[in-house]
Amino acid sequence: MKTIAIVGTFDTKGNEFLYIKNILEELGLKTLTINTGVFDPVFEADVSNVEVAQAAGYDIKEIVARKDRAMATEALSKGTEAIIPKLFAQGKFDGIMSCGGSGGTSLATPAMRALPIGVPKLMVSTLASGNVSQYVGTSDIIMMPSIVDVAGLNKISKTIFRNAALAMAGMVGMKASLKPEADDPKPLVAATMFGVTTPCVDKAKAYLEEKGYEVLVFHATGTGGSTMESLINAGFFKGVLDLTTTEWCDQVCGGVLSAGPNRCAAAIKAKVPQVCSVGALDMCNFGPMETVPEQYKHRNLYKHNPTVTLMRTTVDECKEIGKNLCEKWSGAEVPMKILLPMKGVSMIDAAGQPFYGPEEDAALYAEIKKINNPNVEIIEMDNNINDPEFALAAASKLVELMNA
C-alpha cells in the first residue's frame with residue numbers, strides 16, 4: 001500500500017487537510033501527516049510541529065511565546081526542508097502534497113524541492129496561476145490552482161481537493177500498471193543551447209549520439225541553466241558540453257534570463273568532464289522593445305522577435321563576464337577544455353551581422369585566458385561558434401575527456 005505525505009498547517013487549515021487525508025484513505029492509500037502549524041492542531045499529526053521545529057534547531061514553545069510570525073515561518077520551513085528528505089530516505093512515503101496560500105506554499109515547497117526528481121509532488125496553491133518559479137525552482141513540483149482561497153470547505157474547494165487527491169492517487173497507484181521502462185545504457189551528456197547557437201549544438205549532439213551518448217539539451221534561458229546545474233549536482237551526467245554560457249550576460253547586465261551567480265559551478269564541484277565555450281555572450285535579453293530599461297535605450301538593440309529584444313554587450317561588460325567565468329573555471333580539479341571561436345560567439349556576432357564585435361570578444365577572451373590552472377586547456381579556433389568544425393571539435397574533445 002502506497003503512502004502519501006500530507007504536509008501543512010494543521011492549526012489554521014486542519015479541516016482542509018483532514019478532508020484530504022480522508023479522501024486519500026478512502027482511495028486505499030496510507031497517509032503520513034506532518035504538521036507545520038504553530039499552534040494546537042485540529043487533529044494529531046504523525047509528525048508534530050515540535051519535531052519539525054527541532055529538525056531546524058528551534059523550540060516550538062519559544063516560537064509560540066515570541067509570537068514572531070517571520071521567525072515561525074523560517075523555523076518551520078527550515079525544519080520541514082530538513083525532515084522530509086530524511087523521512088523519504090527511510091521509505092516513509094511515496095508522494096507528497098500540500099495546500100495553502102503564500103505562507104503554506106512557502107513552507108511546503110522548499111521541502112518538495114529537496115526530494116529527488118520523479119517523486120510525485122503536488123502543491124494546491126492560491127499562487128499557482130502566477131509566476132511560481134520561486135516555489136518550483138528546478139524541481140518537478142506540480143502547482144495546482146486552488147481557485148478559491150484555502151480557507152474552509154465549500155463546493156469549489158472540495159472539488160479541487162478531491163481532484164488533487166485523485167491526482168496523487170493516480171501518480172503513486174497507477175505506476176505499477178505501467179510496464180517498466182527498459183533501462184537505457186547510454187550515458188547522459190548535458191548540453192546548453194540558445195537560438196543563435198543552435199547549428200553548433202545540433203551538430204555536436206548528432207556526433208555524441210553517434211558515439212553512443214544520450215544528449216539532454218538545456219535552453220539557456222535562466223531556468224534551463226539552473227536546471228542543468230541542479231541535475232549535474234544530482235549526478236545525472238557523464239559529461240557536460242556547456243557551449244552556451246549566455247546567462248552570464250543577463251546576470252551581469254540585469255537581463256531577464258539570468259541563471260544566478262552559481263552558473264558554471266556544478267560541473268567543477270562534481271568533477272564532471274566538460275568542454276565549455278562562450279556561446280551567445282554577445283547578448284543580454286529583455287522583453288519587447290518598450291520594456292528595455294531606460295539606461296539601455298541608446299545601446300545596440302536587436303529585435304529578435306516581438307517578445308524578445310537583445311542588447312549587444314559592451315567591452316566593459318564582456319570583461320566582467322569574462323572575470324566571472326575565469327573565477328568559476330579556474331577551480332577545475334579535473335581536466336576540462338575551453339574553446340574560443342575567434343570569428344564570433346553567435347549567429348549575429350559574425351562579419352556583417354548586427355552584433356559583430358571583435359573588440360568586445362577580445363576583451364572577453366583576455367579575461368578568460370587569465371586562467372592559470374594546468375587542468376584547464378584553452379583552445380582558440382579560427383571559426384564562428386556555429387561552424388561545423390567548431391561543433392565537431394567540441395564534441396570530440398568531450399568524448400576524449402569522458403573516456404580518459
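Among the conditions (1) surrounded by 16 or more Cβ atoms within 10 Å (Cβ to Cβ); (2) without any contact (Cβ under 8 Å) to a residue 12 or more places away in the chain, the only one that Lys328 does not satisfy is (2).
Just name the residue that is farthest from Gly224 (Cα to Cα) out of those in the stretch 138-155 that are at pLDDT 95 or above and among the β-branched types (Val, Ile, Thr). Applying the filter and picking the extreme gives Ile142.
Scan the stretch 335-367 for residues that are without any contact (Cβ under 8 Å) to a residue 24 or more places away in the chain and not in a loop (DSSP other than H, G, I, E, B) and the total you get is 2.
Residues that are under 21 Å from Arg162 (Cβ atoms) and among the polar types (S, T, N, Q) within the stretch 16-67 comprise Asn22, Thr31, Thr33, listed in sequence order. When Leu392 is tested against the conditions (1) of a type outside the set (D, E, K, R); (2) crowded, with 19+ Cβ neighbours inside 10 Å; (3) farther than 21 Å from Cys249 by Cα, the lone failure is (2).
The lone criterion from (1) exposed (fewer than 15 other Cβ atoms within 10 Å of the Cβ); (2) within 18 Å of Gly279 (Cα to Cα); (3) touching a helix residue (DSSP H, G or I) at 6+ places or on another chain (Cβ under 7 Å) left unmet by Asp382 is number (3).
Across the stretch 1-49, the qualifying residues are those that are within 14 Å of Met168 (Cα to Cα) and among the basic types (Lys, Arg), and the one among them that is nearest to the chain's Cα centre (by Cα) is Lys2. Across the stretch 111-133, the number of residues qualifying as under 17 Å from Thr36 (Cβ atoms), assigned to a helix (DSSP H, G or I) and among the small types (Gly, Ala, Ser) comes to 1.
Of all residues in the stretch 236-272, those being surrounded by 21 or more Cβ atoms within 10 Å (Cβ to Cβ) and in a loop (DSSP other than H, G, I, E, B) number 12. Considering Lys370, Lys323, the condition of being open to solvent by 40 Å² or more (accessible area, probe 1.4 Å) and assigned to a loop (DSSP other than H, G, I, E, B) is satisfied by Lys370 alone.
Restricting attention to the stretch 1-35, the residues that are open to solvent by less than 10 Å² (accessible area, probe 1.4 Å) and without any contact (Cβ under 8 Å) to a residue 60 or more places away in the chain total 5. Pairs linking a residue in the stretch 169-196 that is free of Cβ contacts under 8 Å to residues at least 60 places away in the same chain and under 30 Å from Gln353 (Cβ atoms) to a residue that is open to solvent by 40 Å² or more (accessible area, probe 1.4 Å) and part of a helix (DSSP H, G or I), with Cβ atoms under 7 Å and 6 or more positions apart or on different chains, are Ala191/Lys205. Taking the numbered list (1) under 30 Å from Gly260 (Cα atoms); (2) out of contact with any Ser or Thr (no Cβ under 9 Å at 6 or more places or on another chain); (3) open to solvent by less than 80 Å² (accessible area, probe 1.4 Å) in turn, Asn131 passes all entries but (3). If you go through the stretch 201-235 and keep only what is surrounded by fewer than 24 Cβ atoms within 10 Å (Cβ to Cβ), touching an Asp or Glu at 6+ places or on another chain (Cβ under 7 Å) and either hydroxyl-bearing (Ser, Thr, Tyr) or under 12 Å from Ala190 (Cβ atoms) (or both), you end up with Glu214, Val215. For the stretch 334-347, the set of residues classified as over 14 Å from Val275 (Cα atoms) and surrounded by fewer than 20 Cβ atoms within 10 Å (Cβ to Cβ) consists of Met342, Lys343, listed by residue number. Residue under question is Met289, and the condition is that it be open to solvent by 10 Å² or more (accessible area, probe 1.4 Å) and either within 22 Å of the chain's Cα centre (by Cα) or over 20 Å from Ala204 (Cβ atoms) (or both); does it hold? Yes, satisfied.
Restricting the first member to the stretch 134-160 and to residues that are open to solvent by less than 40 Å² (accessible area, probe 1.4 Å) and part of a helix (DSSP H, G or I), and the second to residues that are at pLDDT below 95 and among the hydrophobic types (A, V, I, L, M, F, W, C), the beta-carbon pairs closer than 8 Å and six or more apart or on different chains are Tyr135/Leu127; Ser157/Ile147; Ser157/Val148; Ser157/Val150; Ile160/Ile147; Ile160/Val148. Within the group Val196, Val217, which residue is closer than 22 Å to Cys318 by Cα and among the aliphatic types (A, V, I, L, M)? The conditions single out Val196. When each of Val201, Val275 is tested for being farther than 26 Å from Ala114 by Cα, of a type in the set (A, V, I, L, M) and part of a helix (DSSP H, G or I), the lone residue that passes is Val201.
Residues that are open to solvent by 50 Å² or more (accessible area, probe 1.4 Å) and either closer than 24 Å to Trp248 by Cβ or among the β-branched types (Val, Ile, Thr) (or both) within the stretch 184-200 comprise just one, Pro199.
Yes/no matrix, rows are residues, columns are (1) without any contact (Cβ under 8 Å) to a residue 24 or more places away in the chain; (2) within 14 Å of Ile4 (Cβ to Cβ); (3) open to solvent by 20 Å² or more (accessible area, probe 1.4 Å):
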| residue | (1), (2), (3) |
| --- | --- |
| Gly95 | no, yes, no |
| Gly103 | no, no, yes |
| Thr109 | no, no, no |
| Ile117 | no, no, yes |
| Lys121 | no, yes, no |
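The values are calculated or read from the model by the stated rules, or taken from the named source; none is laboratory data. Predicted model only: the values in this text are computed from it and were never measured. Backbone-built Cβ (ideal geometry, glycine too); neighbour counts: all protein chains shown. These accessible areas exclude ligands, DNA and RNA; they are computed on the full protein's heavy atoms, side chains included. Shrake-Rupley method; radii C 1.70, N 1.55, O 1.52, S 1.80 Å.
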